[in-house]
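K.L.:
The structure under discussion is supplied below as structure tokens; questions concerning it will follow.
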Amino acid sequence: MQLDYTLDAAYWQQRYATGQTAWDTGAVTPPLRDYFAQLGPPDARRILIPGVGRGYEAEYLHYAGWSNVFVADVAAAPLHDLQQRVPDFPLGHLLQQDFFQLPVSLPYDMLVEQTFFCALDPDLRPAYAQHCAELLRPGGTLVGLLFATTFSQPGPPFGGSREEYHAYFQPYFNFVHFDTAFNSIPPRQGRELFICLRRK
Ligand SMILES: C[S@@+](CC[C@H](N)C(=O)[O-])C[C@H]1O[C@@H](n2cnc3c(N)ncnc32)[C@H](O)[C@@H]1O
């Protein structure tokens, strides 16, 4: 897909600066909250949330006692917002970096996806799946939500189908869940997949 605009840090920073953040739910979403809640007591697992935005999932995990939560975003504004809301979130865990440049030297146990995949240029989807796999240890988990719908406006968000997405992840992951979420927020009801994939 040839986009006539660039989805770079300046683009995203501008979206935050002008308040064009319709994706922002203002709170942890039920599918992720319920998934996190069933993980059991917090432990030392390294969890990364890329394209985190204002990071309500990170806030939830932090206050639930998970101490190795890392967040990454190309835009400074949402990371600053998270830092203001959660002053004791470790500064070193706030990564203002391009997801595709995140180093793979210290693997993560879990990656959390929510409205980041759909925000990327669709041409980057195979690279997204590959880099998620590179960032995870074998057996590590990619959990989250993917829009399985089409959007009438030019993206982001960019839509797609379950079949399309399956092809990206299949080379690297075993599929635990890859089905329509039953507990989406109302505007996303029936339009997003809950995915839970294990790194091969
Ligand atoms: C649609 S927003 C979603 C934010 C958040 N996940 C949420 O659900 O509220 C997409 C986010 O990804 C960030 N982003 C876009 N491209 C990125 C990249 N290559 N690396 C890291 N973050 C990126 C944007 O700055 C933005 O905060």
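K.L.:
Return the distance in nm (one decimal) between the two label points of a simple spin-label model at ARG162 and GLN101, each offset 7 Å from Cα along Cα→Cβ.
P.N.:
3.8
K.L.:
A further question follows. Only Cα pairs within less than 10 Å get springs; with that Gaussian network setup on the chain, which residue of PRO154, PRO107, PRO30 has the largest fluctuation?
P.N.:
PRO154
K.L.:
Another question, then. Please identify, among GLN14, GLN38, GLN189, the residue showing maximal mean-square fluctuation in a Gaussian network model of the chain using a 10 angstrom Cα cutoff.
P.N.:
GLN38
K.L.:
Here's something else I'd like to know. Translational D (Stokes-Einstein, µm²/s) of segment 3-63 at 20 °C and 1.002 mPa s when Rh comes from the Kirkwood sum over C-alpha pairs? Walk me through the numbers on the way to the answer.
P.N.:
Details: Rh = 13.7 Å.
The diffusion coefficient I find is 156 µm²/s.
K.L.:
Report the normalised scattering of segment 72-133 as log10 I(q)/I(0) at q = 0.12, 0.19, 0.28, 0.29 Å⁻¹, calculated by the Debye formula with identical scatterers on the alpha carbons.
P.N.:
Debye output, listed in q order: -0.35, -0.84, -1.36, -1.38.
K.L.:
For segment 26-199, count the residues as N, evaluate 2.2 N^0.38 Å, and divide the Cα radius of gyration by that value, please.
P.N.:
This ratio for segment 26-199 stands at 0.97.
K.L.:
Do you know the relative contact order of segment 26-199, to the nearest whole percent, from alpha carbon pairs under 8 angstrom that are 6+ apart?
P.N.:
20
K.L.:
Related question: Anyone know which of ASP81, ASP73, ASP123 comes out most mobile in the 10 Å Cα GNM of the chain?
P.N.:
Result for the chain, Cα springs under 10 Å: ASP123 fluctuates most.
K.L.:
Moving to a separate point now. To check you understand DSSP bridge types, tell me what percent of the beta bridges within segment 67-200 (both residues inside) are antiparallel, rounded to 5.
P.N.:
Working: 14 of 22 bridges.
Percent antiparallel among DSSP bridges in segment 67-200 is about 65.
K.L.:
Taking the Cα atoms of segment 96-200, report the difference between the largest and smallest coordinate on each principal axis, in whole Å and largest first.
P.N.:
For segment 96-200, the Cα spread along each principal axis is 39, 27, 24 Å.
K.L.:
Give the Rg (one decimal place) followed by the Dmax (whole number) of segment 125-167, computed from C-alpha coordinates and expressed in Å.
P.N.:
12.4, 38
K.L.:
Compute the length gained on full extension between TYR63 and GLN153: take 0.36 nm times their separation in residues and subtract their Cα-Cα distance, giving the result in nm to one decimal.
P.N.:
Stretched fully, the TYR63-GLN153 segment lengthens by 28.7 nm.
K.L.:
Oh, and also: Kindly give the semi-axes, whole Å and largest first, of the ellipsoid equivalent to segment 143-182, taking each as the square root of 5 times a Cα gyration tensor eigenvalue.
P.N.:
Working through the eigenvalues yields semi-axes of 21, 12, 8 Å.
Taken together, the values in this text are just the output of simple stated rules run on the coordinates, not laboratory data. Since this is a predicted model, take the numbers as computed values, not measurements. Backbone-built Cβ (ideal geometry, glycine too); neighbour counts: all protein chains shown.
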